[in-house]
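Where a number appears in this text, it was derived from the coordinates with a stated rule and is not lab data. These numbers were taken from a predicted model, which means no experiment stands behind them. Here the Cβ positions follow ideal geometry from the backbone for every residue, glycine too, while neighbour counts run over all protein chains shown.
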Amino acid sequence: MSPLATPVMFRKADRMSVGRDQPLNLSVSNALTIDVEDYFHVAALAPHIHRDSWTSRESRVVGNTQRLLAIFEQFDVRGTFFVLGWVAEQYPQLVRDIAVRGHEIACHGFSHRLVYEQSPEEFYAETLRAKSLLEDITGSAVLGYRAASYSIVRESLWALDILVELGFVYDSSIFPVRHDRYGIPNAGRAPHRMSIPNGKSIVEWPLATAEILGCRLPVAGGGYFRLLPYWLTRWGLTSINRRELRPFVFYLHPWEIDPAQPRVPASWLSRFRHYTNLEKCEARLRRLLGEFKFGTARDGLVQLGLLSGTVRYDESDHRLYSV
Ligand SMILES: [Zn+2]
């Protein structure tokens, strides 16, 4: 399906905010994002879980994602779900359930292989497969992409060329921190339009970091949300909204609210990163949803004026089209 003529939902309330010269203001929503994958897809556990075993393992992604949908319903909040193609192929009804509730469907690749471990040809093929699958299921254009384990790093920036070629208009894969598996430590921290190797550009919304004493503190969610005390995450996110006067992007995985998930034998570090504070995560998420304003990544970028020129608002049907 071509993304060129496919409408995506667009709330009427956002119409007033569209514009290239829109000033930053605190009414812009922070992006609530979910990477829809199962516990056995996680990069930290990958050395201990063979891909061939995925279909025979107990899957918990549908139940956990439905729980997240119920929580978001309670708080009347919409978010962006970066769905793994493998999950969409196994559970297409889950993708429909997410979309029908007004959330944005975006792409998390197909195989959860790290981008920098793929050739450009492999990356093109699997990303096209995932995007086409999601668009066929929902009937709407998929505009956003997030790489497995934030694996768009300095050596794999070529992937951004391919994303533009495939019709994506924004990416949220760059983590501007130092980490053993991902990160571009000196990358821009705010959402911005960035030049890419082929001379074109794409909108990038980096994962949230707060600045403290000249250092970058990752407060974007996921393992950091579980490992850091809640007050520190809250302080960091508040500082982005109130001191830097801009929205942040926050992420979580469905398995992070599931303390009963099967345990996988793995290294001490991987077990620490994956299992710590799973039992506290849902309560923290509820608190976060009550304390910050959230919406989809797409709507946040439209409100910031960053998608001007890449999407077209149609007055007649109140929908947004990628161009
Ligand atoms: Zn992932």
Determine the pairs where a residue that is over 19 Å from GLY183 (Cα atoms), located within the range 106-117, has a partner that is assigned to a loop (DSSP other than H, G, I, E, B) and of a type in the set (Lys, Arg) with Cβ atoms under 9 Å apart, the partner being 6 or more residues away or on another chain. ALA106/ARG146; CYS107/ARG146
Please work out if VAL62 is free of Cβ contacts under 8 Å to residues at least 60 places away in the same chain, under 17 Å from GLU256 (Cβ atoms) and part of a helix (DSSP H, G or I). yes
Within the range 50-73, identify whether any single residue is among the aromatic types (Phe, Trp, Tyr) and within 16 Å of the ligand (Cβ to nearest atom), and answer yes or no. yes
Restricted to the range 140-150, and to residues that are surrounded by 24 or more Cβ atoms within 10 Å (Cβ to Cβ) and on the phi < 0 side of the Ramachandran plot, which residue is nearest to the ligand (Cβ to nearest atom)? ALA148
Looking only at the range 99-108, decide whether some residue is among the β-branched types (Val, Ile, Thr) and in a helix (DSSP H, G or I). yes
Considering the range 119-151 alone, what residues qualify as being under 14 Å from the mean Cα position of the chain (by Cα), within 13 Å of PHE168 (Cα to Cα) and touching a residue at least 40 places away in the same chain (Cβ under 8 Å)? VAL142, LEU143, GLY144, TYR145, ARG146
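Which of the residues belonging to the range 103-122 are among the aromatic types (Phe, Trp, Tyr) and within 12 Å of the ligand (Cβ to nearest atom)?
If the condition is that a residue be among the aromatic types (Phe, Trp, Tyr) and within 12 Å of the ligand (Cβ to nearest atom), then PHE110 is the only one that fits.
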Under 6 Å by Cβ, and 6 or more places apart or on different chains, what pairs join a residue from the range 83-96 that is more than 13 Å from the ligand (Cβ to nearest atom) with one that is of a type in the set (Gly, Ala, Ser)? VAL95/ALA88
